[in-house]
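To keep things clear, I will list the structure first and then write my remarks on it.
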Amino acid sequence: MILLDRVTKTYNKNHTALDRVSLHVEPKEFVIIVGKSGAGKSTLLKLLTCEERPNSGKIVVGGLDYDKLRDRDIPLLRRKIGVVFQDFKLLPNKNVFENVAFALEIVGYGTHEIKNTVPRVLDIVGLKGKEKSMPLELSGGERQRVAIARAIVRQPKILIADEPTGNLDPKHAWDVIKVLEKINRYGTTVILTTHNQDIVNKLKRRVITIDEGRISSDRANAKYHAEGTKQ
């Protein structure tokens, strides 16, 4: 599903964000990426979504070789990758239904398809009955679940969740994590970045630690929990 082979990304001669990183993520896997701020996590995610291009190395996602991607192919790639951010990025003047529907409208879905698809996705993320609510009427956890619904409404093969619980209290954070696990059970590959040690330890998933642009450990969570790691 995701393959990085000796990928390096340098922003200038004094800043190498990623240094010969090699990584393989299987289809339907749930992977947690941890590391200090500035370790290279965000750069890795930007490379996966083609917001950035590597200086060297190979990236293959969903069978697409990024070396062969033309600019006009990038929108097709991004339909295969849903992204959720820490700060929700909802449209404040649109209600819940309209925020999720917008992701379908911009790629040409018809009204009938949208009316059938959006309610199903809102049910998956636990927001049935909230269709007409405005973002400011929702809790932080509910807003994040709207953002997740918008990210998965086009049925991407991969969901990237970049610090999705960073602005949430523990209860709402776990509500969001449970939704991510549910989506993973449906067959979507999930990449989660987080600084929340409690989430990392309780999820019992594969944990990849990035330290100064390199992968310093890649292990099953049980071992991670026993030995700990630097964050």
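Summary of computed values
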item	result
Any chance Thr165 is within 26 Å of Val61 (Cβ to Cβ), assigned to a loop (DSSP other than H, G, I, E, B) and not aliphatic (A, V, I, L, M)	yes
Residue satisfying condition, being in contact with a Ser or Thr (Cβ under 9 Å, 6 or more places away or on another chain), at pLDDT 95 or above and farther than 19 Å from His172 by Cβ, within set Val153, Val121	Val153
Test: residue in region 101-109 that is under 19 Å from Asp175 (Cβ atoms) and either exposed (fewer than 14 other Cβ atoms within 10 Å of the Cβ) or in contact (Cβ under 8 Å) with a residue 12 or more places away in the chain (or both)	no
Every pair of residues 6+ apart whose Cβ atoms lie under 6 Å, when the first sits in region 160-181 and is farther than 24 Å from Val25 by Cα while the second is modelled with pLDDT under 95 and of a type in the set (Val, Ile, Thr)	Ala173/Thr165
Scope region 12-37; condition touching a Lys or Arg at 6+ places or on another chain (Cβ under 7 Å) and part of a strand (DSSP E or B); matching residues	Ala17, Leu18, Asp19, Arg20, Val21, Ser22, Phe30, Val31, Ile32, Ile33
Within region 76-95, tally of residues that are among the charged types (D, E, K, R) and either in contact with a Cys (Cβ under 7 Å, 6 or more places away or on another chain) or in a strand (DSSP E or B) (or both)	0
Only listed residue being of a type in the set (S, T, N, Q), part of a helix (DSSP H, G or I), closer than 30 Å to Leu47 by Cα and under 17 Å from the mean Cα position of the chain (by Cα), chosen from Gln155, Gln144	Gln144
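The values are calculated or read from the model by the stated rules, or taken from the named source; none is laboratory data. Treat the numbers as computed from the prediction; the structure is a model and nothing was measured. All Cβ positions, even for glycine, are placed from backbone atoms using ideal geometry, and neighbour counts span all protein chains on display.
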